[in-house]
Protein chains: 2
Amino acid sequence: MPVNLAPPRPEDLLPVKGVALGVAEAGVRKANRKDLLVMRLAEVANVAGVFTQNRFCAAPVILCREHLALRPARALVVNTGNANAGTGEDGLARARKTCAELSLLLGCDSTQILPFSTGVIMEPLPVERIVAALPHALADCRADNWAGAAEAIMTTDTVPKACSRRVELRGKTVTVTGIAKGAGMIHPDMATMLGFVATDAAVSRAALQRMLAEATARSFNRITVDGDTSTNDSFILLATGAAGTPRIDATNHPDYAALAAAVAEVAVWLAQAIIRDGEGATKFITVKVAGGKTEDECSRVAFGIAHSPLVKTAFFASDPNLGRLLCAIGNAAIPELDVGRVALYLGDVLVARDGGRNPAYREEDGQRVMQQSEITVRVDLARGAAQTTVWTCDLSHDYVSINADYRS
Amino acid sequence: MPVNLAPPRPEDLLPVKGVALGVAEAGVRKANRKDLLVMRLAEVANVAGVFTQNRFCAAPVILCREHLALRPARALVVNTGNANAGTGEDGLARARKTCAELSLLLGCDSTQILPFSTGVIMEPLPVERIVAALPHALADCRADNWAGAAEAIMTTDTVPKACSRRVELRGKTVTVTGIAKGAGMIHPDMATMLGFVATDAAVSRAALQRMLAEATARSFNRITVDGDTSTNDSFILLATGAAGTPRIDATNHPDYAALAAAVAEVAVWLAQAIIRDGEGATKFITVKVAGGKTEDECSRVAFGIAHSPLVKTAFFASDPNLGRLLCAIGNAAIPELDVGRVALYLGDVLVARDGGRNPAYREEDGQRVMQQSEITVRVDLARGAAQTTVWTCDLSHDYVSINADYRS
């Protein structure tokens, strides 16, 4: 059961001019489910992407990087059920085949197709079934199909993830709409498993890449379910320019900040949705670390807490076994950390200070916060001005069940 | 249920001349269980220790380091049920009180007592109950009490962990006997939660510290249950000299290698026993990584596999979902790793090569290995001569149950 996350209402998802989305049942791994998505782009669209740092990155990730460097993209194609990762040269050939077939149908070059896959690793991609379903996905393409697209890219997700924002750029309204998938193997290092955000604003490729990097740093790179970085992480930001607003060609353009804020807002919403739907999640945990010398050391403390299986099982049990939080802070290997100055809060409750438990702390106060489905942990390192925020979930029996049974 | 680990038979545990062990029920956290251990040492004994790198290290760890630097130790005192970690100045005062009271009973200086605690973090140590039980533990002291000692230091352990080796040093027999505890919060960075190994050989302090560091590097620093480094990790090697063998005063002494090998053998046995009894463990996994440029990069790959919750749940399910192993290898962030050269074996089965699945691999072969209770994963990075081995266990429902319920 996801934590306070409802499926998007289709009417809340705003079409983005210049983007059409179509889905189909290709039968990649299972029959009778939508597992193929095609996103067609207007000719003038710009696309920026960030990708997994995993050395065994998937074949479609390798092709995506290549294609983005060559030509403006005309379409994205996404399949679930098979990651096409750990598949060597044969996997690259199958991803190329998918691009080639779609480009024939669209009358463009095959390098104008960006491929994405997600699912089981080290299995051959059933490319013939995907190719056979491409015409159906194209026939389904329409601008108001974001809800269908969000559903088609789900794997162990229990809820489709999508949201929209509107922003005014000098009197004209532009739209930002995004979708993402992911629930396990989530510790993005550039991006989540798959995320796609589109706007009809006009943005140069360089400004778009910068906007994407900023949004990623504040969203998908600040979440973890299980500390495992996927082979297929890809986060794509595309700008069709179809709204007719002035082209944003640099970060000092007067419209840059407003659009970047909307893009980041959508990215943060999607990243948090992935945590709310984290495999087996029963609690949504926000970890805020402040008072660090650098943002990096704040991150190490925050992820130290967010990755600790002992902290995560205590949250699952609603047990204020808060020594495990101190232990996780101590494990972050911060040089010369004075533990006597560290303050630890659970919600609004001051739990630890002066290197030990706050004398005023009462177990029932910790218990009260622990019962909540949304909990904030705050750490003050009291040695600088840097800070960061990370989102994670608890570790429950269902996480083990889901991952012990995933392939079966 | 531990994996192929039986309780030690008391008759297999060899007394070490110069060491007497006594246990008592102090009622630290629960009534009617042995939770206090005192180890008395002969006057000429040397003691070496390695300790946790956790910044929130426990009060007894701080005192132990201090005392080891000051005077020869005469006794060790260990309590379970309370870690006396995250307890600030008050925790230090309580640990000092324990040492002072025991030193009065033994007629030595309080800095000749080495204190150890394990259990719940951030709770005040019930020092009065410990002090009250010290005379009972002293009255129980005897040389053939290693089995009782191994039992008295257990927390979430299901099996006491102890073993002995004999080694001939120029015609004379010396003994090495050790005990350890630990099942969760196990990713030692110097030591396991608590380990004590004694020998009646005579070894200088410097040579003993070197021997301890070598044994630790090959044993306790090569295991992980859940990637959480405890606040209380301590591993102690003590040499009483009571066997009357020539004093080993340097690593080039003719007896050094033979004794060091026996000490390492005991340490490896104890470290593996901790994994076999890992919280919720149903499988004992050996991860061997070879062909690295450095041992450090082999370690990063090996612990990358050993820490991955997705790999560990696949082992729990006996599911050869081996793409998760490739993903974990890829996450180790080895610079310029050529994944096309990496080979992955599960037991004797070649699973992956040339960047993808071995064409000759058959699912039933992987399934056959996965059914076993002891499984070896081998990775060949094919870029150098370095290698390492790490031991871990699977991640099961019982791990979540044990850690969700631990305090209750």
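The values are calculated or read from the model by the stated rules, or taken from the named source; none is laboratory data. This is a predicted model, so every value here is computed, not measured. Using ideal geometry, Cβ is built from the backbone for each residue, glycine included, and neighbour counts are taken over all protein chains shown. These area figures cover heavy atoms from the full protein model, side chains too; ligands, DNA and RNA do not enter into them. Shrake-Rupley method; radii C 1.70, N 1.55, O 1.52, S 1.80 Å.
Restricting to region A:27-45, count the residues that are touching a Ser or Thr at 6+ places or on another chain (Cβ under 9 Å) and surrounded by 22 or more Cβ atoms within 10 Å (Cβ to Cβ). Residues meeting the conditions: 6.
Let me confirm something: among B:Pro72, B:Pro124, which residue is more than 10 Å from every other protein chain (Cβ to nearest Cβ), open to solvent by 30 Å² or more (accessible area, probe 1.4 Å), part of a loop (DSSP other than H, G, I, E, B) and not acidic (Asp, Glu)? Only one candidate passes the filter, namely B:Pro72. Taken over region A:53-69, the criterion of being crowded, with 17+ Cβ neighbours inside 10 Å and within 28 Å of A:Asp200 (Cβ to Cβ) is satisfied by A:Pro60, A:Val61, A:Leu63, A:Cys64, A:His67, A:Leu68.
Residues that are more than 7 Å from chain A (Cβ to nearest Cβ) and in a loop (DSSP other than H, G, I, E, B) were ranked within region B:310-322; the one that is modelled with the highest pLDDT is B:Ser318. Of all the numbered requirements in (1) out of contact with any strand residue (DSSP E or B) (no Cβ under 9 Å at 6 or more places or on another chain); (2) assigned to a loop (DSSP other than H, G, I, E, B), B:Pro8 misses one, and that requirement is (1). Considering each residue of region B:184-200 in turn, at least one proves to be assigned to a loop (DSSP other than H, G, I, E, B), of a type in the set (Asp, Glu), open to solvent by less than 20 Å² (accessible area, probe 1.4 Å) and closer than 21 Å to B:Val77 by Cα. For region A:243-264, what are the residues that are in a helix (DSSP H, G or I) and either touching a residue at least 12 places away in the same chain (Cβ under 8 Å) or crowded, with 16+ Cβ neighbours inside 10 Å (or both)? If the condition is that a residue be in a helix (DSSP H, G or I) and either touching a residue at least 12 places away in the same chain (Cβ under 8 Å) or crowded, with 16+ Cβ neighbours inside 10 Å (or both), then A:Tyr256, A:Ala258, A:Leu259, A:Ala260, A:Ala261, A:Ala262, A:Val263, A:Ala264 are the ones that fit. Scanning region B:323-334 for residues that are in contact with a helix residue (DSSP H, G or I) (Cβ under 6 Å, 6 or more places away or on another chain) and either in a loop (DSSP other than H, G, I, E, B) or among the basic types (Lys, Arg) (or both) yields B:Arg324, B:Asn331, B:Ala332, B:Ile334. Flag: A:Asp405 does not match the condition of being more than 9 Å from every other protein chain (Cβ to nearest Cβ) and without any contact (Cβ under 8 Å) to a residue 60 or more places away in the chain. Selection within region A:319-333: residues that are touching a residue at least 40 places away in the same chain (Cβ under 8 Å) and crowded, with 23+ Cβ neighbours inside 10 Å. The member of this set that is nearest to B:Phe51 (Cα to Cα) is A:Ile329. Can you name the residue in region B:277-309 that is over 20 Å from the mean Cα position of the chain (by Cα) and surrounded by fewer than 24 Cβ atoms within 10 Å (Cβ to Cβ) and is also nearest to the other protein chains (Cβ to nearest Cβ) among such residues? My answer is B:Glu297. On the given criteria, is B:Tyr361 aromatic (Phe, Trp, Tyr), open to solvent by less than 70 Å² (accessible area, probe 1.4 Å), within 14 Å of another protein chain (Cβ to nearest Cβ) and out of contact with any Asp or Glu (no Cβ under 9 Å at 6 or more places or on another chain)? When the stated conditions are applied, B:Tyr361 passes them. Here is the figure for region A:368-406: residues that are modelled with pLDDT of 95 or more, assigned to a helix (DSSP H, G or I) and over 15 Å from A:Leu325 (Cα atoms) total 1.
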